[in-house]
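What follows is a single structure, written as structure tokens, with notes after it.
The values are calculated or read from the model by the stated rules, or taken from the named source; none is laboratory data. Computed from a predicted model, the values in this text were never measured in an experiment. Note that each Cβ is placed from the backbone with ideal geometry, even for glycine, and that neighbours are counted across all protein chains shown. When the accessible area is computed, the model is the full protein with side chains, heavy atoms only, and any ligands, DNA or RNA have been set aside. Shrake-Rupley method; radii C 1.70, N 1.55, O 1.52, S 1.80 Å.
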Amino acid sequence: MKRIGRVYRDPPVCGEAGQALILVLVFLLLGSLTIFPTLMHMSTALKSGVSYENKTREYYAADAGIEDGIWQIKYDRLPALSGDPYFAYDFTAICSYDIDDTINGLTTSVTIENFWIPTVANPYASPAQAKATLERDITDNTTNRLVVTDTAMDDTRFRIKIDYYACVEVADNLSVSSIGIWIPHGYSYDGNCNMANFEGTEHKYVETVQASPGGQVVVWDFSSNPIIFPDLPPEDLDPSDNPQSAEIIFDYAADEAGTRPVAVGWIVTAGLLSADIPMAWDIDTKYYKIVSAAGGTQIEAYASRCDLRQVGASFLGDYCAIGNTLMRDTDVPKDNIRDTLDSSSTADTRNPDLTYRIPSDATVLAQDGAFLYWSGWFKCAEGYPKATIFADDCDSLTNWSQNGTAWDVSYVFFQGYSFRGHYDGSTDDYRYLSLVDPVNLSGRIPGSVVVGWTQRESGTLEPISDPTSGDALLFQISNDNGASWSSPIMAFDDDLDSSEEAYFYIIPANYLTANFKIRFYLHGFSEGTGSSTEYCRIDDIHIGAVADTSITFKIGNPLAPDYAGSLTADEFWILGNAATGEYSYSCKKDVSALVATHSLEGDDENRTGNGEYTVEGVDADTGQHWSYAAWSLIIIYSSPATAGHQLYLFDRFAFCQKDVNLDFDFDGEPGGDISGFIIPEPIEGETLAAKLTCFVGEGDDAWHDDFIALNAPEEYRPYPWNIPNTYKLWDGITTGYNSQASPNNVWNSKFRVGDTGSSSIDGIDIDTFRITWASGLLHADDTSAHIDIYTDYENFNLIYLILSVRSETTIGGTTHYLISGS
């Protein structure tokens, strides 16, 4: 053996015996036994991988369908998608559709069902019966006699509030059969209900708690021992109150700390009144069942949407109000008389100073979504040719004819000349005073032409009690040059309430011809002698077209607009102001379709309502204290961020003269009441409970003691001038008269585009008032508000008032999620 380092080598061995061959053959045998199962396993794994990949594709496609369904709910697209405008209130409604584009190569089918919750615990309340209840309420006008709302008071306590509006004419004790609530997945009932130890309900109900689709249902059943509504808590529930308000309070537990449930409560009635009000439930919260299918995979989910209910003249959404003046006081120094009429003016919703801007995810409503108003003032008299068609200052009878001498021209110191009438007992035709030459009124806009005058009287007059007695001034009109006359129309009878009165009459459309005439008739006026003689006096007779109903409207840059066209008012109003021959008009045009088509696009090709708007061609007279011209645009939109508002619009043209609390809702009482909403608890992270915008014409900085107040105590209504400033709203402008108490000079013909600190625009009031939670003017659970609009010295016109009340709105994600597949 030879040693080389640490390696030892033996000498070569001859004649190997083949031991390695045996080992190789053994391994080949073992390999042949295992390779086939291994290959089969690899094949199965490959097939399983393909199956897993297909199932994943189906899951993601079906999940996309759930997200699309939530999007449809979130953006309130279900009415349009289903073709049913009342989809949210039709508990038998089902909406099915396929997503337009394939997802992962698969067609995704989505079904959204209006999920009716109370049926899970109450066999009476089937979806069809619930729908019938709503339809009957609308038909019979019984909506909101029994109102259920519910809210989480904090992170552990929940409240169901039930308001019952009893009929005051009859005994109306409502019997209660059961009360229930559905609590969504992620929350659970935790007991401690205030009815357990309350005298009126203790030991009178059976409490059941059970699982239900998407959550849990709690029912308090009084069917074995019905109670009446005043038996419910709290202790201070008074049967004489209207409404009577009950509160059911209990504990709940949340799976995720700091979150609060959006639940649905209801009440079922019993007894004689149940046929009229069988049940009521919280219709603010709506739950939808979404089923999405792709391939062999199906996903079922439940999603919520919580809005304030639509009642009365309300809209869901919010609004933006913009506008501008068209008439300015250019004198230096200013004399509070607007002397310059502008041909056009512009306003932009994107103005960086604008406090209430339209969000980019908003969608302007295509119906009842945008209203354009314009307003101005005309004078009908000699020297005012814009509106005046005919004018007579009554210092001569040249334009008039009579058969006798019952009418003459008389002069009174401080009053000047006028026509004076007294019947001397001659034939009856002596009573007439007729216009000689016809006036051409052909082609005039129906409803825009007036005839008017000043009227006075003297002596002791008597009212007309029969055709042969009393004292009155009558007149008749003709459309055929006096060949025929209308029936007599009374201008006044008996003694006037004041020394003189401005009177006007809107000439009917069928009298707007080339041969219009008018004649006056003395009824009575035949008694008295000397200073007690009965006289009728008329002065400043005029005929005029006092409304400019056609303007030009532009959307976009006024030099290169996206839209420019002539518009004619859908409706308009005329008011006679304090002096004879002075008229204001207001015009309204629904421009929803134009704004929905030509306003700027938002995040998702949605037409937001944002843009630059121009109005031109509004006509009016300048040079008087009453002179003004202006326009305003209200844009109403829906948005996930701002859908929690309820809107009330009052746009009936109203004139407010000095020492008056304006009856803007025309109910015969001073001020106005707005109802039909429910104020929620203050909403975390928000400061505004409501906002209110008024479009007012002919305010003056020089005249003061005019204000708008919210929810002042009723004791002040007979004496509105005593309302404390704490109830008055203010737009923040402190320039001009009374700057230390500007809430008392709010109609100052100035408006602020943004918050305090931004510049104001002179010439008109388009004032928006902020009503904060901190102000204390609105409180949780308020269902109405009273507004006073008072002036001591000022005269003005209210063109519109719009109020937006905050309501808590939650657009939920999925509250319950199930996946199934073949």
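The single condition among (1) open to solvent by less than 40 Å² (accessible area, probe 1.4 Å); (2) more than 15 Å from the chain's Cα centre (by Cα); (3) at pLDDT 80 or above that THR693 does not satisfy is (2). Given the structure, is THR297 open to solvent by less than 10 Å² (accessible area, probe 1.4 Å) and modelled with pLDDT of 85 or more? So THR297 fits the description; yes. On inspection, ARG309 passes the criterion of being modelled with pLDDT under 90, closer than 30 Å to ASN173 by Cα and either touching a His at 6+ places or on another chain (Cβ under 9 Å) or not acidic (Asp, Glu) (or both).
Across segment 220-262, the qualifying residues are those that are of a type in the set (A, V, I, L, M) and at pLDDT below 85, and the one among them that is farthest from THR149 (Cα to Cα) is LEU237. Residues in segment 579-616 that are in contact with a strand residue (DSSP E or B) (Cβ under 7 Å, 6 or more places away or on another chain) and among the aliphatic types (A, V, I, L, M): ALA579, VAL591, LEU594, VAL595, ALA596, VAL615. Residues in segment 569-617 that are polar (S, T, N, Q) and either farther than 20 Å from CYS380 by Cβ or assigned to a strand (DSSP E or B) (or both): SER584, SER586, SER592, THR597, SER599, ASN606, THR608, ASN610, THR614.
Somewhere in segment 383-396, is a residue small (Gly, Ala, Ser) and on the phi > 0 side of the Ramachandran plot?
Scanning segment 383-396, I find at least one residue that is small (Gly, Ala, Ser) and on the phi > 0 side of the Ramachandran plot, so the answer is yes.
Residues of segment 768-801 that are acidic (Asp, Glu) and modelled with pLDDT of 90 or more: ASP788 alone. The numbered conditions (1) out of contact with any Lys or Arg (no Cβ under 8 Å at 6 or more places or on another chain); (2) closer than 30 Å to ASN748 by Cα; (3) among the acidic types (Asp, Glu); (4) at pLDDT 90 or above are all true for ASP318 except (4).
Scan segment 662-711 for residues that are hydrophobic (A, V, I, L, M, F, W, C), touching a strand residue (DSSP E or B) at 6+ places or on another chain (Cβ under 7 Å), under 23 Å from SER749 (Cα atoms) and not in a strand (DSSP E or B) and the total you get is 2.
Scanning segment 535-560 for residues that are touching a Ser or Thr at 6+ places or on another chain (Cβ under 7 Å) and in a loop (DSSP other than H, G, I, E, B) returns VAL546, ALA547, THR549, PRO558. Exactly one of (1) touching a strand residue (DSSP E or B) at 6+ places or on another chain (Cβ under 8 Å); (2) within 28 Å of PRO680 (Cβ to Cβ) is unmet by PHE198. Its number? The single condition PHE198 does not satisfy is (1). Listed conditions (1) under 18 Å from ASN744 (Cβ atoms); (2) modelled with pLDDT under 85; (3) out of contact with any Gly (no Cβ under 8 Å at 6 or more places or on another chain) are all met by LEU729, apart from (2). Number of residues in segment 558-617 that are over 27 Å from the mean Cα position of the chain (by Cα), on the phi > 0 side of the Ramachandran plot and surrounded by 22 or more Cβ atoms within 10 Å (Cβ to Cβ) equals 1.
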